[in-house]
Amino acid sequence: MASRESPVKSHSESLTDLSHSSNMFAAGIGEVLQAFVASTNPPNTKPIMVEYANRIMAIGRGRLSAMNGRNALLYLKSKFGLLNSTAAVFVQATFEEGEGKFVEVDLDSWEELVGHMYRLRIL
């Protein structure tokens, strides 16, 4: 017996279908609704866990969100006693909850990325 797809779609699937409609008016309505749904999702307010060497520190997401990338790096360096360090410092982050993979952070994109970060690592 062949399996059938469920006739019931999730709201997000329906909005995606609507925004990709060949009818320009319907596609526009779909895009507006997707933007509305995205704006009503509550922001992530959990602290970001920052790792350096053998230390892990919880830093408020709001504080880091209020800074640009360069200031955030200086702030992180000050918290871990690295202000006088002459060695290059890099920041990596995970963007998935749990044991996500660390990737290097573009400090020029800090403001866009910080809301999606779960963990930071200073190298």
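The values are calculated or read from the model by the stated rules, or taken from the named source; none is laboratory data. What you are looking at is a predicted structure, and each value in this text was computed from that prediction instead of being measured. A quick note on method: Cβ atoms are made from the backbone with ideal geometry, for glycine too, and the neighbour counts reach across all protein chains shown.
A few notes on this one:
- Residue match in the stretch 79-97 (condition: within 14 Å of the chain's Cα centre (by Cα) and over 30 Å from residue 15 (Cα atoms)): yes
- Among the residues making up the stretch 71-82, those that are in contact with a Phe, Trp or Tyr (Cβ under 8 Å, 6 or more places away or on another chain) and farther than 17 Å from residue 94 by Cβ are 80, 82.
- Residues in the stretch 114-122 include none that are free of Cβ contacts under 8 Å to residues at least 40 places away in the same chain, out of contact with any Lys or Arg (no Cβ under 8 Å at 6 or more places or on another chain) and of a type outside the set (D, E, K, R).
- Selected residue (only one of 64, 82, 113 is assigned to a loop (DSSP other than H, G, I, E, B), modelled with pLDDT of 90 or more and either surrounded by 13 or more Cβ atoms within 10 Å (Cβ to Cβ) or in contact with a strand residue (DSSP E or B) (Cβ under 6 Å, 6 or more places away or on another chain) (or both)): 82
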